[in-house]
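The structure under discussion appears below in the form of structure tokens.
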Amino acid sequence: MTTAPDPDAQTRVAVAVETPQHSGVNATLDYLSEQPLAPGTMVRVPLGKRTVLGIVWPAAAGEAPEASLRPVTEVLDGLPALPEAWCRLVTFASGYYQRSIGELALAVLPPELHKLDRAGFAQRLARLRKALDSARPAAAADTPPPPSEAQATLLGQLAALEPGRTVLLHGVTGSGKTEVYLRAAEATLAAGRQVLVLVPEINLTPQLEARFAARFAGRRLVTLHSALTPVQRLRHWLTAQLGEADLVLGTRMAVFAPLPRLGLVVVDEEHDPSYKQQEGARYSARDLAVYRGRLEQATVLLGSATPSLESWQRAQDGRYLKLALPQRIGGGSLPRVRLVDMSQQPRQTTIAAPLVEAIRERIARGEQSLVFLNRRGYAPVLHCTDCGWKSGCPHCSAWRVFHKLDRSLRCHHCGLAERVPRACPECGNLDIAPIGRGTERLEEQLAGLLAGPDGRAVRIARIDADSTRGKGALEARLDSVHAGDVDVLVGTQMVTKGHDFRRITLVAAVAPDAALFSSDFRAAERLFALLMQAAGRAGRDADQAAASEMWVQTWHPRHPLYEALRRHDFEAFAASQLRERESAGLPPFSHLAMLRADAKTAAAAREFLEAAAAAAEPLDSAAAVTLYPPVPLTVARVADVERLQMLVECAARPALQRFLAEWLPQLIALRRRSGHAILRWAVDVDPLSI
Ligand code: ADP
Ligand code: ZN
Ligand code: ZN
């Protein structure tokens with residue numbers, strides 16, 4: 001029975017709307033509604049002069065006098081309210097990452113939703129419902145291979161797990177992790193629940209999507225990532241929220257996909273830094289997935305060949321269940337690692353002769369090689385041999401990179417691109433020369449070194465951000481590699497991730513040493529993961545595995561990192577890194593936050609950070625934390641903005657959280673007082689790059 005609404009009885013509702021953290025509004029806003037609205041209901045409400053999207057929030061409404069409140073404009077109905085667990089996840093994330101609830105909640109909704117009024121929304125929903133009804137996916141799934149003994153044992157352990165647990169699945173590439181994800185997903189779907197699969201990069205979604213789609217042909221699978229059109233993204237999101245999607249596969253944003261019956265979350269390549277959002281609310285999708293699993297009683301499966309040391313330590317502590325797949329499927333061996341001692345090579349060697357020879361042999365046998373270098377462009381800097389001029393960027397504290405193909409000097413930080421000057425802009429000298437090398441130059445050098453005696457060219461394909469800019473360019477290049485139309489693949493670390501190359505039997509890292517001496521304490525961990533992952537590209541075909549090799553050109557062949565790599569020994573590497581971290585008091589043995597400030601001048605940024613440190617002093621919670629002096633970022637100036645940061649360190653996570661919660665209002669007030677001197681500031685909790 002419905003009663004006619006009493007025109008005078010208005011319900012007060014708390015609504016999350018998009019208000020930036022820095023505006024100081026840290027909670028929800030109250031509105032009046034003629035009917036009670038369930039938490040999680042999407043509404044449109046007035047905010048200033050605009051009407052904006054909002055979410056009715058499960059929070060107590062405030063005390064403000066009713067006369068000062070404005071009514072809800074309209075309700076976006078026809079959709080179930082967002083699940084309570086979704087609101088709790090957002091509330092947790094906003095508290096943990098120190099952003100306002102409204103900012104976070106509205107930022108993780110599909111952008112298209114913000115544009116729709118009630119009528120527009122109803123129309124979209126009706127269209128989607130019709131499409132969902134008429135297009136039941138066909139049921140002709142592929143037949144899964146019987147699980148290996150190791151997989152069967154592991155699946156048994158997974159099935160016996162109490163709900164809400166996190167499992168760290170450690171297994172080298174090709175050990176059958178994905179097959180375990182598929183089997184675990186099957187069990188979850190059979191129990192009537194939904195599956196969320198996270199991958200680090202958009203480029204990797206089509207491949208995994210195809211594998212899941214083939215296995216679950218009778219099920220509904222949707223993707224969520226930034227390469228979807230706004231309309232697609234809204235449709236996929238709505239499909240999940242309606243409970244119509246059995247599986248959601250996506251990048252970090254998908255961790256916020258509303259799934260009313262979530263039963264399993266898979267985080268593939270859980271160590272990958274892409275899981276950390278680098279702007280706005282700087283959340284870690286991996287860490288939120290773990291939280292979400294507990295919240296929704298879903299199993300969380302973190303998979304990697306080189307787990308993050310944070311996850312590894314938690315597994316050691318027993319907080320995660322550690323399961324391993326120690327062998328490649330089919331018993332294929334991992335590539336033999338060969339270290340080339342560059343100090344024993346002739347001066348100016350770019351690619352050592354034995355490596356060139358090994359690549360030649362591969363070509364003769366019709367096999368492929370992959371050579372990678374972490375810098376795109378031709379050379380990182382142009383320089384005048386006379387006066388010493390270098391191709392610096394006028395707007396950044398960085399060199400502009402020489403791109404030979406289009407004869408441009410490009411800044412990889414601010415994007416400034418200019419034609420290469422004919423002569424030195426300082427002294428007019430015509431002899432300006434490239435120093436160092438990027439992937440373009442590496443490609444050129446390889447072509448020269450590998451050309452046959454008859455001058456016959458080898459087929460080289462380059463894959464990096466430059467060569468794959470056009471739509472479909474990456475796919476086209478990958479296809480030609482898969483088809484065998486390429487002998488040597490050259491690229492940045494982009495090529496080392498995930499791709500299932502069948503004919504590659506040699507992988508080479510030509511200059512990986514820089515990371516050994518980086519000031520970022522995670523550089524070694526990242527390098528190890530990168531090299532292991534790259535090694536995993538070789539010998540994926542078990543027949544060729546025995547003959548496959550990973551080459552590393554290094555000036556430090558006896559470095560413990562390379563020693564561990566040679567034995568494919570992640571555990572030894574992790575143990576030695578964790579010992580170092582423990583004695584240095586670094587994560588996971590301490591917890592960090594970074595306060596960053598951007599300003600027109602370095603002095604203004606420094607002043608803000610110093611004032612922030614002074615503001616922390618009187619706080620009770622400050623006793624537990626250490627504040628370090630402000631330092632410039634590695635590239636301090638980008639597009640004429642000076643960037644400084646200040647590290648906050650604390651032995652315990654809750655103590656750090658308490659401090660940040662007390663400190664933030666001080667920072668907001670400080671920013672207000674400093675006026676326009678500061679362009680931006682942000683707190684990054686659990687920062688990934690230091
Ligand atoms: P990972 O995700 O660890 O790299 P995959 O699950 O992709 O490993 O497995 C590597 C290869 O082995 C794939 O081609 C996969 O189809 C195959 N594979 C996995 N499990 C089995 C199995 N139980 N029996 C036969 N082949 C398998
Ligand atoms: Zn000059
Ligand atoms: Zn620049």
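The values are calculated or read from the model by the stated rules, or taken from the named source; none is laboratory data. Because the structure is a prediction, the values reported are computed rather than measured. Here the Cβ is made from the backbone with ideal geometry for all residues, glycine too, and neighbour counts use every protein chain on show. Surface accessibility is based on the protein's heavy atoms, side chains included, excluding ligands, DNA and RNA. Shrake-Rupley method; radii C 1.70, N 1.55, O 1.52, S 1.80 Å.
Evaluated on region 421-495, the Kirkwood hydrodynamic radius is 14.5 Å, with distances taken between all distinct Cα atoms. Residue-wise HN-Hα couplings along region 573-580, as the Karplus relation 6.51 cos²θ - 1.76 cosθ + 1.60 with θ = phi - 60° gives them from phi, are 4, 4, 4, 6, 5, 5, 4, 4 Hz; Gly and Pro carry x. The residues of the chain have, on average, 44 Å² of accessible surface per residue, using a 1.4 Å probe with all protein chains present. Translational diffusion of region 486-594 was estimated from the Stokes-Einstein equation, with Rh taken as the Kirkwood radius over Cα pairs; at 4 °C and 1.567 mPa s the coefficient is 85 µm²/s. Since only Val199, Tyr275, Gln297 are under comparison, the one whose Cα sits farthest along the positive direction of the charge dipole of region 193-323, derived from C-beta charges on Lys, Arg, Asp and Glu, is Gln297. In region 388-533, the convex hull through the Cα atoms has an average projected area of 11.6 nm², a quarter of its surface area.
For Tyr628, the solvent-accessible surface computed with a 1.4 Å probe is close to 90 Å², ligands and nucleic acids excluded. Put simply, region 44-153 fits an ellipsoid with semi-axes of 38, 24, 11 Å; these come from the alpha carbon gyration tensor as the roots of five times its eigenvalues, largest first.
For the chain, the share of accessible area belonging to carbon and sulfur comes to 52 percent (1.4 Å probe, ligands and nucleic acids excluded). Taking the Cα centre of region 195-244 as origin and assigning +1 to Lys and Arg Cβ atoms and -1 to Asp and Glu Cβ atoms, the resulting dipole is close to 140 debye. Charged side chains reduced to their Cβ positions (Lys and Arg at +1, Asp and Glu at -1) give region 414-522 a dipole of some 240 debye around its Cα centre. Here the chain is treated with +1 on each Lys and Arg Cβ and -1 on each Asp and Glu Cβ, and its dipole about the Cα centre works out to around 940 debye.
Each of the GluC sites (Glu not before Pro) that DSSP puts in a loop and that has at most 10 other Cβ atoms within 10 Å breaks the chain; the longest unbroken stretch is 280-690.
Quick query: amide H of Leu416 versus all other amide H atoms, modeled in the peptide plane; which residues come in under 5 Å with a sequence gap of 5 or more or a different chain? Sorted by chain and number, the residues that satisfy this are Cys411. What the Cα convex hull of the chain gives, in volume per residue, is 191 Å³.
As an equivalent ellipsoid, region 580-680 spans semi-axes of 25, 18, 9 angstrom, where each value is the square root of five times an eigenvalue of the C-alpha gyration tensor, largest first.
For the chain, averaging the sequence separation of C-alpha pairs within contact (under 8 Å, six or more residues apart) and dividing by the residue count gives a relative contact order of 11 percent. Please say if region 46-95 is rounded, prolate or oblate, where rounded means a/c under 1.5 for a ≥ b ≥ c the square roots of the C-alpha gyration tensor eigenvalues, and otherwise the choice is prolate for a/b larger than b/c and oblate otherwise? Oblate, because a/c is 1.5 or more while a/b does not exceed b/c.
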